[in-house]
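We did not get these values from a lab; they are worked out from the coordinates using the rules stated. Note that the structure is predicted; figures quoted are calculated from it, not measured. Glycine gets a Cβ as well: all are built from the backbone with ideal geometry, and neighbour counts include every protein chain shown.
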Amino acid sequence: MATHRRQRFVHAQLAWMIACVLGLALLDALSLELFFVLSLIGFLIVTELTAPLNVSPVWRRRLRWVILAGLIGFAVIVVRRILDILSGVL
């Protein structure tokens, strides 16, 4: 049962990431930063939508570290973009 839920989680995340790549390629906006941000958003959505109601398995508790790493990466991207904008203004 736990393996089935884990596989469903991985398949949902993989489908989201493939859809992001295809969508960004169709819009001619494919970049690593946009893909990372959209994948992080999808990861957070899939994590919430597949969360069990009563008991949290061990593998789901480890997702907190992945979420933390993703949010740190997102913060780095935001700071870099802000610095790029400010360097153009100054």
Requested in this report: May I ask you to list, by number, the DSSP H helices of the chain whose Cα span along the axis is at least 20 Å and whose average Kyte-Doolittle hydropathy reaches 1.0 or more?
Outcome: 32-49, 63-89
Report summary line: Diffusion coefficient in µm²/s returned for region 40-79 by Stokes-Einstein, Kirkwood Rh over C-alpha pairs, 25 °C and 0.890 mPa s, is 222
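Could you quote the convex hull projected area for the chain, Cα atoms only and averaged over all directions, in nm²? Before the final figure, lay out each step's value.
Details: hull surface 28.1 nm².
So the mean shadow area of the Cα hull is 7.0 nm².
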Query raised in the report: Once label points are set 7 Å from the Cα along Cα→Cβ at both E48 and L34, what is their separation, rounded to one decimal in nm?
Result: 2.4
Query - Top positive-direction residue, dipole computed over the chain with Cβ charges, set L49, L86, F74 - result: L49
